[in-house]
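Input: a single structure, listed below in structure tokens.
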Amino acid sequence: MSHRDQIFQGIRQAITALPERAAYPDYDTAAVTTPRWLPAAEENETLFRKRLTGTGGFFFESPADCAAWLKKDGAKSVYLAPEVAHLAADFAAHLEVVPAYTRDAVDRIDAAVTVAHGAIAESGTVILTDSGTPDRLAALAPWWHIAVVPRTGLVRTIGEAIAALPADPGIVWVTGPSKTADVEGILIQGVHGPGRQGSFFL
Amino acid sequence: MAHQKIDTYAATLNPEVRQAVRSNSAAGTEKRYEVLGSDFGNPDPLRKLAGAIKQHTIEHLDQYLEQAERSLTANGVKVHFAVSTQDARQAVLDILQQTGCRKVVKSKSMISEEIHLNDFLEENGVESVETDLGEYIIQIDHDHPSHIVKPILHKNRRDIAKSFEREGLGDYNDDPETITRRARAFLRQKYLQADAAVTGANFVVAESGRMVLVTNEGNSRFCLAGTRVHIALIGVEKLVPHDRDLAVFLNLLARSATGQQLTVYTEFLSGAALPAQPSGPREMHVVFVDNGRVDTLASNCREILRCIRCGACMNVCPVYRQASGHAYRSVYPGPLGAVLSPMLAGKGFAQLGDLPKASSLCGACNEVCPVDIPIPDLLLKLRNRAKEEHLPSPGSPPMGGFALLATAPMLWRTAMHAGIALDLTPKGLIPVPALQEWLKIRTLPAWRGGKFRSWYKNRPAQGKDRQP
């Protein structure tokens with residue numbers, strides 16, 4: 001008997017022996033998963049900014065603000081994804097702009113600006129997809145990663161984002177900078193991914 | 001007097017380690033409590049809902065596993081099944097050999113710990129590198145994780161600095177930031193050189209074949225950006241029926257594990273990377289592993305299969321805090337491990353049959369569990385099983401004499417009257433080792449035997465009491 005058949009046979013034997021089986025519970029996602037502090041009136045944009053900052057991330061009013069901050073924080077070079085290539089002038093004023101991201105550039109390019117599919121306001125999360133991100137590495141390997149959020153892609157809650165998961169094989173939600181507390185419980189940012197995670201709206 | 005094995009281990013624990021384990025797990029419990037409380041007030045409805053979804057899933061596992069297999073296959077994923085530890089290791093090795101992979105990077109996965117995958121791959125000429133910072137340190141130290149979420153809870157920065165120095169990752173430096181930067185620089189080369197990534201999965205959705213993988217460090221994302229083949233080792237119980245259920249579980253997992261609203265990187269994978277995507281696996285394999293889970297499903301402890309591996313039960317457990325994870329002598333420590341480890345051991349139950357006794361049955365593990373597993377009930381069932389299988393029970397006083405008295409009313413009455421003799425006997429002369437052990441730290445009160453018995457016999461009948 002194949003491993004598959006052996007496993008299924010074992011499961012069926014175990015289950016048919018049960019006197020009764022638990023039914024799938026009926027529930028309303030918003031009713032059970034919405035945090036009670038979620039302000040009813042606050043706009044998604046304001047909420048996203050607040051929550052992103054709460055996770056250790058940075059929010060910028062404009063591409064020019066972002067570029068100036070990158071320079072001030074120590075970045076020298078920045079890769080701009082094709083979708084934001086039109087912002088090159090803003091960034092070129094402060095940094096060397098690199099037009100292409102390649103595998104051998106992992107340690108050479110300091111910062112990357114890519115475009116998110118959307119964002120979740122209640123958690124300050126940006127949603128990246130395989131189809132929307134030019135290179136998985138570009139959004140991960142640099143010390144500074146800026147995910148530009150299209151206002152139309154902003155949803156309010158985790159539940160809404162789950163209900164609207166795009167048809168893409170590689171979706172990643174990023175909530176703040178890469179983190180660890182493995183060494184004596186001390187929080188360190190920038191383990192394998194970016195040490196600085198930021199966003200602005202477009 | 002003989003002690004339980006877990007007590008014997010705890011007694012040898014370095015006081016510094018005990019302090020670290022205790023304060024770190026207590027901090028984890030505090031954070032969880034604060035976050036769940038401020039976000040949901042009473043988190044019980046959410047916990048109980050999550051538990052009900054998982055219980056439904058495991059009780060319809062044949063249906064959901066088949067559906068998951070169909071969905072994954074439709075997404076272009078190759079699905080494999082493995083019954084035992086050996087089968088699971090071999091399945092991974094076969095995939096690696098068929099795809100010509102010699103170097104592997106691994107993202108933390110408890111199931112790969114269960115099957116000791118790294119050692120097996122190394123023996124077969126495959127380099128396998130753990131990429132979670134804690135797991136990497138465990139690997140270079142040839143050690144074992146002592147917590148399922150915080151694997152190096154038992155190590156301090158000086159231990160780690162020595163290990164890094166030994167491995168040639170720079171001069172001795174015990175600054176946690178420096179340690180992290182050195183690991184970052186070293187491991188990113190490993191991601192880029194590796195052929196394949198081996199990961200676990202936190203959830204697999206039956207209806208869509210979506211697999212969810214969470215990490216804070218971003219290591220699993222880097223594994224899946226640097227390599228060309230992805231192999232996910234997944235326990236057959238990791239399923240949830242629908243995409244919408246992920247909202248329930250993701251709202252609980254990080255809050256319960258680390259007190260975060262969400263883990264930093266939450267990946268939803270439904271196959272290899274898009275062809276237009278320059279980085280990421282070109283093929284994806286899922287190995288569904290049994291390794292004792294099907295037997296657990298058939299047992300009276302099947303509720304343990306709801307577990308989503310958050311670690312909240314070990315953080316809150318007074319026994320875990322005192323004994324640390326290695327005291328459990330298995331991959332899964334704490335209250336979860338005290339149930340799951342003996343169950344997964346199958347024929348080796350006798351070797352771990354003492355673990356269910358490592359609990360005061362205080363019930364804290366049940367209260368914090370995001371899927372509401374009745375762990376104390378399961379511990380009692382396993383204690384019963386250990387008794388039925390006549391496993392030795394060190395640390396328990398012999399109960400034969402008491403059993404005889406308690407089942408013979410005449411003898412009991414005589415003993416109650418004769419007990420007064422205890423008051424007249426010098427206690428140090430009573431030749432019962434268990435009693436002498438007990439007396440080292442306690443004193444016996446004066447004998448009052450028989451009082452309850454005579455009160456009970458002479459009490460007014462209840463009916464009379466109620467009359468006006």
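Exactly one of these conditions fails for A:Lys71: (1) touching a residue at least 60 places away in the same chain (Cβ under 8 Å); (2) surrounded by fewer than 17 Cβ atoms within 10 Å (Cβ to Cβ); (3) assigned to a helix (DSSP H, G or I). Give me its number. Result: A:Lys71 fails condition (1) only. Among the candidates B:Ala20, B:Ala27, B:Ala10, B:Ala50, the residue that is without any contact (Cβ under 8 Å) to a residue 12 or more places away in the chain and of a type in the set (A, V, I, L, M) is uniquely B:Ala27.
Among residues of the range B:424-445 that are part of a helix (DSSP H, G or I), those with a beta-carbon under 8 Å from a residue that is small (Gly, Ala, Ser) at least six positions away or on a different chain give the pairs B:Gln436/B:Gly428; B:Leu439/B:Gly428. Checked against (1) at the interface with chain A (Cβ under 8 Å from one of its Cβ atoms); (2) of a type in the set (S, T, N, Q); (3) more than 24 Å from B:Lys103 (Cβ to Cβ), B:Thr180 passes all but a single condition, namely (3).
When residues in the range B:128-143 are screened for being under 19 Å from B:Ala196 (Cα atoms), more than 10 Å from chain A (Cβ to nearest Cβ) and not small (Gly, Ala, Ser), 3 of them pass.
A:Ala41: more than 14 Å from every other protein chain (Cβ to nearest Cβ) and modelled with pLDDT of 95 or more, yes or no?
no
Please count how many residues of the range A:95-129 are farther than 21 Å from B:Leu262 by Cα and either without any contact (Cβ under 8 Å) to a residue 40 or more places away in the chain or not β-branched (Val, Ile, Thr) (or both). Total satisfying the criteria: 19. Close contacts from the range B:322-349, counting a first residue that is on the phi > 0 side of the Ramachandran plot and not assigned by TED's automatic domain parsing to the domain that holds B:Pro151 and a second that is among the acidic types (Asp, Glu) and assigned to a helix (DSSP H, G or I), with Cβ to Cβ under 8 Å and a gap of 6+ residues or different chains, come to B:Gly346/B:Asp295.
With respect to being over 24 Å from B:Ala273 (Cβ atoms), assigned to a helix (DSSP H, G or I) and charged (D, E, K, R), A:Asp90 fits the description. Could you say which residue among A:Ile171, A:Ile186 is facing chain B (nearest Cβ under 8 Å) and assigned to a strand (DSSP E or B)? Answer to the selection: A:Ile171. Take the conditions over 25 Å from the mean Cα position of the chain (by Cα), more than 27 Å from B:Gln322 (Cα to Cα) and in a helix (DSSP H, G or I) and apply them to B:Asp62. Does it pass? When the stated conditions are applied, B:Asp62 does not pass them. Identification of strands (runs of 3 or more DSSP E) wholly contained in the range B:124-222 with 1 or more residues that are touching a helix residue (DSSP H, G or I) at 6+ places or on another chain (Cβ under 8 Å) and of a type in the set (Ser, Thr, Tyr) yields B:127-130, B:196-199, B:211-215.
When the residues of the range B:81-94 are filtered to those that are within 14 Å of another protein chain (Cβ to nearest Cβ) and over 22 Å from the mean Cα position of the chain (by Cα), the one that is surrounded by the fewest Cβ atoms within 10 Å (Cβ to Cβ) is B:Asp94. Restricting attention to the range B:273-289 and to residues that are surrounded by fewer than 24 Cβ atoms within 10 Å (Cβ to Cβ) and within 8 Å of chain A (Cβ to nearest Cβ), the residue that is nearest to B:Ala345 (Cα to Cα) turns out to be B:Ala273.
The values are calculated or read from the model by the stated rules, or taken from the named source; none is laboratory data. Everything quoted here is computed from the prediction, not taken from an experiment. Positions of Cβ are generated from backbone atoms using ideal geometry, with glycine treated the same way; all protein chains shown enter the neighbour counts.
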